[in-house]
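Please treat every number below as a calculation from the coordinates, not as lab data. This structure is a prediction, so every number in the text was calculated from the model and none was measured. Don't worry about glycine lacking a Cβ; one is built from the backbone with ideal geometry, like all the others, and counts go over all protein chains shown.
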């Protein structure tokens, strides 16, 4: 398999690689956003717990 | 039949824990499958007899188009369950689906447009499938906008659930309306199970990619849903141990 | 269960009459969508071309888009006053089937905004080069279309009743759902002008209308209950 | 009426409404809802000459000709029953080839169709070239059978 030929995609390089790049971007965004959504909620919950502990002691 | 398992599953602490242990499995499996399918689709699968290597866009376009509709159905079913049986967890799940579905819809539109340019000769045509997919994106955006405009989470849940259900009735109508209005998109190939019109060597990576996207969806929903549960249950006792 | 109750149809009639009376007192507000409709359709010849034969190719579509936007304009406030002064809460508590009352309210709204648009459409259409032979189809399609739109818009208005910046949100919710109306409506008009039978799209409009008429009140009352209960 | 009867009336009304809607929808399926004209319709004079229309069909094998020194191409659109000659000036999409389905937008000029835009309609089959070659006779038969029926 010729690497140059592979990247050229039979003349469709621009279209194919843009599509795959965009897909990677969207998947990464979803990964990041979902992670962040969960992590933020966890941090907030932890902080609330600490505050509750402080108040009770 | 006993429904205890159901109520147990729908209880927030339980769901939180289960989703937490499921998510990594979904995550790694989807990563492996998507990478495998990408390699298979880009390298191993042969070029198409008409579209050459350009057809390889199929492997990202078709799965995202499929996921855009799949996610809407999941969202609407969750919204319906939440509305009828008043299960908060179902509402939270519907909320978690919306941004994921919207992003897949956008991806399907974008990759379709990129594919359309060399093959059809135009970036965009007002064709049936394209137009209904665009309207699906608007439905997702409307759903998220409605949800975001309420301060009270319970009202947001129930109002957006009504909208999701109205939308699910309207989606087939939209689909058929644009179908007769203008058409250039080819008919679906994979749903014809009697004799798939995609060659097997090209079909395998497509299926791998679709399963990979499904698992990825499972991962993303689990993560988002865990976040939603924590936000909604901020005053519950069980959180003190979990967090 | 309450002991004595007004029959449901009488209650719905009362709701309808009350809205008509209120509208009569604020006729200038009621006229706004109609003026908007005329002004918007006037802008197309100015912006594109005054050539009537060129305009008629897009005329049906322009009339339809303008009618859609005009009837959306008045929808935002449909339930607002009633929710704020507690009227809808009374309805919910009255034990009457809420769907009928809301349908009566939507019917009043349609008579005040949708119907004038339909009546006005031949004049507006003529300005856009639509031939007299297309008037009948234009009015029939708008009759079914604005009716459906009032119900769809009623659902949207009920959902957004307590929301900040509700009007933009309302359009975002209702317009995608209303797209089939636009497609079939303008298709019917252009088929008539091309000498084809417009029966197909008109029947589809009728199908959507009856679908909305039978299922819409369920969604509307669910939405109103949500905004009242809290 | 008791509340129970009232609820029955409501349910019956909803079912009747959905029934009427379905009847109308089914009726509409029997009407002409199409988006483009076939060459047969063009020949029968069903397509208006005065305005821009779309004509859809297959590009007839061996009919594609390029005018030397210009971007103008001519080809024949067919639905296996009638033929319409088409002329077009501009870049054709990659999927445009003989035997392929296309939709052309433009106007009738006498018996000739002058296209302003040509869109290629690709089929739902995907296969490597070798497979396509071995399937060729079979595929053509399937395609023509399928297209004639639509």
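Here, P(r) means the percent of Cα pairs in each 10 Å bin from 0 to the largest distance; for the protein assembly as shown it is 3, 13, 20, 23, 20, 14, 6, 2, 0, 0. Across chain C, C-alpha contacts under 8 Å between residues 6 or more apart give a mean separation that, scaled by the residue count, equals a relative contact order of 27 percent. For the pair residue B:238 and residue C:24, a Förster radius of 60 Å applied to the C-beta separation gives a FRET efficiency near 0.55, rounded to the nearest 0.05.
The relative contact order of the range C:58-191 comes to 41 percent, based on Cα pairs under 8 Å that sit 6 or more residues apart.
Footprinting exposure proxy ranking of A:4, C:13, B:117, fewest other C-beta atoms within 10 angstrom first, gives A:4, C:13, B:117. Legend: mean number of C-beta atoms from other chains within 10 angstrom of residue C-beta atoms, peptide B:159-167, equals 6.
Rounded to the nearest angstrom and listed largest first, the equivalent-ellipsoid semi-axes of the range B:14-242 from its Cα gyration tensor are 34, 23, 13. Mean partner shielding of peptide A:41-51, defined as the number of other chain Cβ atoms within 10 Å of each residue Cβ, is 5. Counting other Cβ atoms within 10 Å as a rough exposure proxy, the listed residues D:108, B:202, C:191 run D:108, C:191, B:202 from fewest neighbours to most.
Note: relative contact order over the range B:14-242, using C-alpha pairs below 8 Å and six or more positions apart, is 35 percent. Round to the nearest 0.05 the FRET efficiency obtained for residue D:7 and residue C:164 when R0 = 30 Å and r is the Cβ-Cβ distance. Taking R0 as 30 Å, the efficiency between residue D:7 and residue C:164 is 0.20. With neighbour counts taken as other beta-carbon atoms within 10 Å, the residues C:155, A:26 rank, fewest first, as A:26, C:155. Computed over the alpha carbons of the range C:1-120, Rg followed by Dmax gives 18.8, 67 Å.
Kirkwood-type hydrodynamic radius, the range C:72-230: 16.5 Å, calculated from all non-identical alpha-carbon pairs. Suppose R0 equals 60 Å. What FRET efficiency, 1/(1 + (r/R0)^6) with r the Cβ-Cβ distance, do residue B:14 and residue D:64 give to the nearest 0.05? So, using R0 = 60 Å, E works out to roughly 0.35. The eigenvalues of the Cα gyration tensor, multiplied by 5 and square-rooted, give chain A an equivalent ellipsoid with semi-axes of 50, 9, 4 Å from largest to smallest. Using the alpha carbons alone, the radius of gyration of the range B:11-147 stands to its Kirkwood radius in an Rg to Rh ratio of 1.06.
The length gained by stretching the chain between residue D:40 and residue D:81 to full extension, at 0.36 nm per residue less their Cα-Cα distance, is 14.1 nm.
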